[in-house]
Amino acid sequence: MNILEEIAEKTKERIEKRKQERPLDKLFETMDYSEDGCRARGLRTDTWGKEFEKALTRNKINFICEIKKASPSKGVICENFAPVKIAEEYVEAGADAISVLTEPYYFQGDDKYLCDIIENQIYIPALRKDFIVDKYMIYEAKIFCANAVLLICAILDDKQLTQYIRIADRIGLAALVETHDETEVKRALDCGAEIIGVNNRDLKTFNVDISTSEKLRKYIPDDKIFVSESGIKTREDVKRLEETGVNAVLIGETLMRSNNKKAELKKLRGE
């Protein structure tokens, strides 16, 4: 198996254990409770997905800033990892949205990071970034008060993609559908994706090339939201993608390694 398949298989094991501990019908009960709790904290649960979509189209180019402790290719990226503090810094820096890694084994993520951010009243559109292999995880994302979920074409078939996009829409979440080549872009569109992400990192080899987004731009209709992910390090990279017609960029390592995220994001914006 390549690393992506390995992560997907490990995720399936993780979710099967969760489903045994708390079956889907019990999860629905928790989701109802969570929605009440989120409303009490001033969050409109029925508009979460729309808030994420608006955040990606507000400016000429918009920034999804990632909260990530580690990665399979680089190991630990941030030694002094404090998700709530990082989220606060991103909000102060003017981030349009955040992406929170919740995969525990390869990225050292945790579901509680999302919950803690909301509990600390940091309200910014948030993507639950995990390797969704079961509809159970979409309902979980709602409980964690995420605005959006990541659906990766390379680990889902067309039936799953279509079903998961519809489930997300039905419970008020946006779906960022990640692709890497022309075939996957076509699949995402055929399955009903409104937000198309192009990962410049090949998750099978971990090679990175931001020209991947440039090459695939022509296959994405103008009425869809286009997000470029991975390998974006400089203002020149952002400018290239802006000129390509990208709506938003997802930036992780560059910001996570910076001691001054406000200054780094300002530099990426060209301000």
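The values are calculated or read from the model by the stated rules, or taken from the named source; none is laboratory data. Small disclaimer: the values here were computed from a predicted structure and weren't measured. Backbone-built Cβ (ideal geometry, glycine too); neighbour counts: all protein chains shown. These area figures cover heavy atoms from the full protein model, side chains too; ligands, DNA and RNA do not enter into them. Shrake-Rupley method; radii C 1.70, N 1.55, O 1.52, S 1.80 Å.
Descriptive notes on the structure:
- Cα-based reach from residue 50 at 21 Å (exclusive), listing lysines while leaving out same-chain residues under 8 positions away: 60, 129, 135, 142, 224
- Its Cα centre serving as origin, region 131-218 has a Cβ charge dipole (Lys and Arg +1, Asp and Glu -1) of approximately 160 debye.
- Largest to smallest principal axis extent of the C-alpha atoms in region 68-147, angstrom: 34, 29, 19
- Expressed as a whole percent, the accessible area of region 57-99 that falls on carbon and sulfur atoms is 44 (1.4 Å probe).
- About its Cα centre, the dipole of the chain is roughly 440 debye, where the only charges are +1 on Lys and Arg Cβ and -1 on Asp and Glu Cβ.
- For region 116-218, the spread of Cα positions along each principal axis, largest first, Å: 40, 28, 23
- Debye intensity ratio I(q)/I(0), log10, region 164-246, q values 0.14, 0.18, 0.20, 0.21 Å⁻¹ (C-alpha model): -0.47, -0.74, -0.88, -0.95
- Taking every DSSP bridge with both residues inside the chain, close to 10 percent are antiparallel.
- In the chain, a dipole from Cβ-located charges (positive for Lys and Arg, negative for Asp and Glu) runs towards its positive end, and of 27, 83, 167 it is 83 whose Cα lies farthest in that direction.
- Distant alpha-carbon pairs in the chain (separation over 33 angstrom), percent: 13
- Highest mean packing comes first when the peptides 170-182, 152-164, 106-118 are listed by Cβ atoms within 10 Å, giving 170-182, 106-118, 152-164.
- 15 Å reach of a label modelled at residue 211, 7 Å along Cα-to-Cβ, counting backbone N of region 228-246: 237, 240-241
- Accessible surface of region 103-196 [probe 1.4 Å, protein heavy atoms]: carbon and sulfur percent: 44
- Of the chymotrypsin sites (Phe, Trp or Tyr not before Pro) found in region 177-227, those in coil by DSSP whose Cβ has at most 16 other Cβ atoms within 10 Å are 206.
- Rounded to the nearest 500, the helix-only mean residue ellipticity at 222 nm of the chain stands at -13500 deg cm²/dmol, with each DSSP H run of n ≥ 4 adding -39,500 (n - 2.57).
- Mean projected area of the Cα convex hull of region 1-158, taken over all directions, amounts to 10.2 nm².
- Region 237-253 - phi-based ³J(HN,Hα) in whole Hz, Karplus 6.51/-1.76/1.60, Gly and Pro as x: 4, 4, 4, 4, 6, 4, 5, 6, x, 6, 7, 8, 10, 9, 10, x, 4
- On the beta carbon distance between residue 21 and residue 91, with R0 = 35 Å, the FRET formula returns roughly 0.55.
- Accessible surface for the chain, divided over its residues, is 45 Å² per residue with a 1.4 Å probe.
- Atom-type composition of the exposed protein surface of region 226-271 places 41 percent of the accessible area on carbon and sulfur (1.4 angstrom probe).
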